[in-house]
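*Asks:* Handing you a structure now.
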Amino acid sequence: MGELAALLAALTWSATSVALTSLSARTSPVVLSGLRLGFGALAMPLILLASGETGTIAQAPAGTIIQVVASGALGYGLGDTLYIAALNRLGMQRTFPVSMALYIGLTVVFGVLLLGEPFTWGLPIGALLIGAGTWFIIAPAPPNEPAPPPSADAGPVALAPPVGLPPPGLAGYALLGGVGVTWAAATLWLAAASGDLGAIAAGTIRTPAGAVALLGFALAFQRPALVAPFRSRAHLGAIALAGVVGTTIGSLLYVYAVVTAGAARTAILSSTSPLLALPLSIVFLGERLTRRILAGTLLCVAGIVLVVL
């Protein structure tokens, strides 16, 4: 059952990225990220009570709580916001595999360098494959390779980003790099500071921290954008569903998989999420799959598997 939970977690992350890509066309990244985390945080206390980890929060030192909160603000607050902005600018097929590969690769490499985690030869080989895959996905196509024609049918999602997306450019590269760096930094910070806090207990602290930071910023500087989603029940419901499915259910499935199937097997199975995202992006977002993106995604997944072995 643990292996199935890991695959379901990967599927929920892929499906949530489809929803976020569509919603980002009409919602500020800060507001979308904050509301998604806010809705996801509502169910976390119930999961915490069921897990039996409530006592670990009460016993944790104040310094641990502060650092876990800060890691949530960094990873969820800044990292997820950059991720949503990249989805809107670059599309899901470019953003999802590159972000996941950079995040996992950087986390494992700096876990070895900074936290003394064990070194394997899969790290440098996997890093090379991730680098090659990333280049295939985001580098401009050669002049003799025609760009995919625009799709006449953008799929069931009405407000998907344009199919014929331009090359990333400097801002696009900065977004992708920022996502990988902030997610990895937040994870390493959490690993170094969490102490005896359980995974669910830490998540229960981190998720609301990210939501409060983002919604507070939106309330101060983006009030019209914050109010806009509340004018449409369907829009707000879609954001809530993305929060509950991606943040709450996805995280719970991942934690269950780690406990029952082991961390290494869970990491390998969940690394299939970029592959699961490809058909979803075609069906629901109308994005066209090119040979370069397919090859790059396969290289990134192979690199992730080697890194986590």
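The values are calculated or read from the model by the stated rules, or taken from the named source; none is laboratory data. Note that the structure is predicted; figures quoted are calculated from it, not measured. Quick reminder, even Gly has a Cβ in these numbers, built from the backbone with ideal geometry, and neighbours come from all protein chains shown. SASA here: full protein model, heavy atoms, side chains in, ligands and nucleic acids out. Shrake-Rupley method; radii C 1.70, N 1.55, O 1.52, S 1.80 Å.
*Asks:* So VAL245 fits all but one of (1) touching a residue at least 12 places away in the same chain (Cβ under 8 Å); (2) out of contact with any Ser or Thr (no Cβ under 7 Å at 6 or more places or on another chain); (3) within 19 Å of LEU20 (Cα to Cα); (4) open to solvent by 20 Å² or more (accessible area, probe 1.4 Å); what number is the exception?
*Replies:* Status for VAL245: all satisfied but (2).
Per-residue answers, yes or no, for (1) open to solvent by 20 Å² or more (accessible area, probe 1.4 Å); (2) polar (S, T, N, Q):
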| site | (1), (2) |
| --- | --- |
| SER71 | no, yes |
| TYR76 | yes, no |
| GLY79 | no, no |
| LEU82 | yes, no |
| ALA86 | no, no |
| TYR103 | yes, no |
| LEU106 | yes, no |
| VAL112 | yes, no |
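*Asks:* Out of (1) over 19 Å from ILE239 (Cβ atoms); (2) open to solvent by less than 50 Å² (accessible area, probe 1.4 Å), the odd one out for ALA50 is which?
*Replies:* Of everything listed in (1) over 19 Å from ILE239 (Cβ atoms); (2) open to solvent by less than 50 Å² (accessible area, probe 1.4 Å), ALA50 misses just condition (2).
*Asks:* Then there's this: For region 282-292, which residues satisfy the criterion of being over 20 Å from THR16 (Cα atoms) and part of a helix (DSSP H, G or I)? Talk me through it step by step, then tell me what you get.
*Replies:* So in region 282-292, the residues over 20 Å from THR16 (Cα atoms) come out as 290-292.
Once the filter is applied, which keeps residues that are over 20 Å from THR16 (Cα atoms) and part of a helix (DSSP H, G or I), region 282-292 yields ARG291, ARG292.
*Asks:* Can you name the residue in region 206-236 that is of a type in the set (Gly, Ala, Ser) and modelled with pLDDT of 90 or more and is also surrounded by the fewest Cβ atoms within 10 Å (Cβ to Cβ) among such residues? Walk me through how you get there before you give the answer.
*Replies:* Going residue by residue through region 206-236, those that are of a type in the set (Gly, Ala, Ser) are 209-211, 213, 216, 218, 220, 225, 228, 232, 234.
Add one more test, that the residue is modelled with pLDDT of 90 or more, and what stays is 211, 216, 218, 220, 225, 228, 232, 234.
Values: ALA211: 26, GLY216: 12, ALA218: 21, ALA220: 9, ALA225: 15, ALA228: 16, SER232: 11, ALA234: 6.
Out of the qualifying residues, it is ALA234.
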